[in-house]
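Each reported figure results from applying straightforward, stated rules to the coordinates on display, with no laboratory input. Bear in mind the structure is a predicted one, so any value in this text is a computation, not a measurement. Cβ atoms come from the backbone with ideal geometry, glycine included; neighbour counts cover every protein chain shown.
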Amino acid sequence: MKAVDCRGLNCPEPVLRAKKAIQESIAGDIEVIVDNQTARENVLRFVKSQGRETRWQEKDGSYHITISEGKTAAAIGRDDTTGAAENVTCRAEGNKGDRENPVLFISTNELGVGSSELGRMLMRNFIYTLTKTDHFPRAIVFMNSGVKLCIEGSPVIDEIGELEDNGVLTLVCGTCLDYFELKDQHKVGQVSNMYDISDLLLAAERVITV
């Protein structure tokens, strides 16, 4: 079994190395080793998007992820090289709009520069207003302090959940949650990684930074 040691590597390197191992593998299982939960979840999510079966176990403080050679039942008949961008695009097909609807990139929990109190109020009002529009964004990416909008106590948890219910894909940077030590407080949105986020942004017709 081929082993890919990703301990000590930052996002999105474990996902990229897992992807390369899958592409280069001719036969047999693959073992990917990571040393933190975020990397484990990122690799598992990516492998699932490729239609591969996985299992994992913890050994001596590391996570050993076994990627099986076979496909899952849901992946039979689908191209095994389908990328993460196509996967997240499919998640947003339920949107009221079409593919031209923009992706919103939110990198702060405040809107505008000046008063922090005013900025937080404006951001709250902005996201609330999104739920009342006729054309939702195709997806929303939360990075840096923007992830604080997706944690316990955020004034817009319900609004973000409502957007998700209406087909808006929401990706929350897992590395950012870890940096701010907010992983345990995460409440809404799909915890993601730089690989999936980059694919989504590059595939988008329009990206609007808020």
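By the count of neighbouring beta-carbon atoms within 10 Å, fewest first, Lys132, Lys183 end up ordered Lys132, Lys183. Put in line by how crowded their Cβ is, counting other Cβ atoms within 10 Å and starting with the fewest, Val156, Val168 read Val156, Val168. Taking label positions 7 Å along the Cα-Cβ direction at both Leu122 and Glu152, the computed distance is 3.1 nm, reported to one decimal.
Restricting to DSSP H runs of at least four residues, report the calculated mean residue ellipticity at 222 nm for the chain, -39500 (n - 2.57) per run over all residues, nearest 500 deg cm²/dmol.
Mean residue ellipticity, 222 nm, calculated: -10500 deg cm²/dmol.
Looking at the chain, the DSSP beta bridges with both ends there are about 40 percent antiparallel. One chain, two ends: Asp184 and Lys132. Fully extended at 0.36 nm per residue, the span grows by 15.7 nm beyond their Cα-Cα distance. Ranking of Asp60, Asp158, Asp29 by neighbouring Cβ atoms within 10 Å, starting from the fewest: Asp60, Asp158, Asp29. Taking the Cα centre of the range 91-209 as the origin and placing charges on Cβ (Lys, Arg +1; Asp, Glu -1), which of Pro155, Gly114, Tyr179 is farthest toward the positive end of the dipole? About the Cα centre, the residue reaching furthest to the positive side is Gly114. Considering only Ala18, Ala27, Ala139, the Gaussian network model of the chain with Cα springs below 10 Å gives its largest mean-square fluctuation to Ala27. Counted over the range 2-78, the DSSP beta bridges are approximately 75% antiparallel.
In whole percent, what relative contact order does the chain give with Cα contacts below 8 Å and a gap of six or more residues?
Dividing the mean separation by the residue count of the chain yields 20 percent.
Each Lys or Arg adds one and each Asp or Glu takes one away; over the other residues whose Cβ falls under 12 Å from the Cβ of Thr108, this sums to +1.
Which entries of Lys20/Lys148; Lys59/Lys148; Lys2/Lys48 have Cα-Cα distances beyond 22 Å here?
Lys20/Lys148; Lys59/Lys148
For Thr170, the residues whose amide H sits under 5 Å from its own are Ile140, Gln190, ignoring neighbours fewer than 5 places away on the same chain, with H placed 1.01 Å from N.
Note on the chain: Cα Rg divided by 2.2 N^0.38 Å, N the number of residues, gives 1.08.
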